[in-house]
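**Student:** Have a look at the structure that comes next, please.
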């Protein structure tokens, strides 16, 4: 008597195991306010952790910009989902436009200060920069 051949088990990681969602439903999916705020909160938390834990002044500066971008994302999300007379409220988006403009000037001045500190001290570590101490 011959033994039956074993049937291979379905791979749970194959594409056939995934639920089939029509492509038009994927394109019509809209993120919710909670999802926007979750992403914004995660970006802000990553930026805050970078500011508190890092010692390189350039990385700290980049983390500050990440925190600013998280706040901008929150403003745009609240602006998009805050309806006034059935229309989205654009006040948050206008505010983000001005924040981005100020942030561009902040980046230019901040990087100029960092370059000047590096030229005078030859380091970008925060604990080595004690210029304001007396």
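**Student:** If I take R0 = 41 Å and measure r between the Cβ atoms of residue 127 and residue 39 in this structure, what FRET efficiency does the formula 1/(1 + (r/R0)^6) give, to the nearest 0.05?
**Tutor:** Using R0 = 41 Å, I get an efficiency of 0.80.
**Student:** At 1.567 mPa s and 4 °C, plugging the Kirkwood radius over alpha-carbon pairs of region 78-117 into Stokes-Einstein gives what diffusion coefficient in µm²/s?
**Tutor:** Calculated translational D: 108 µm²/s.
**Student:** Scattering from the C-alpha atoms of region 32-122 alone, worked out with Debye: what is log10 I(q)/I(0) at q = 0.16, 0.18, 0.23 1/Å?
**Tutor:** Each listed q corresponds, in turn, to -0.73, -0.85, -1.10.
Only the coordinates and a few stated rules stand behind these numbers; no lab work does. None of these values were measured; they are calculated from a predicted model. Cβ coordinates were reconstructed from backbone atoms using ideal geometry, including for glycine residues, and neighbour counts include every protein chain displayed.
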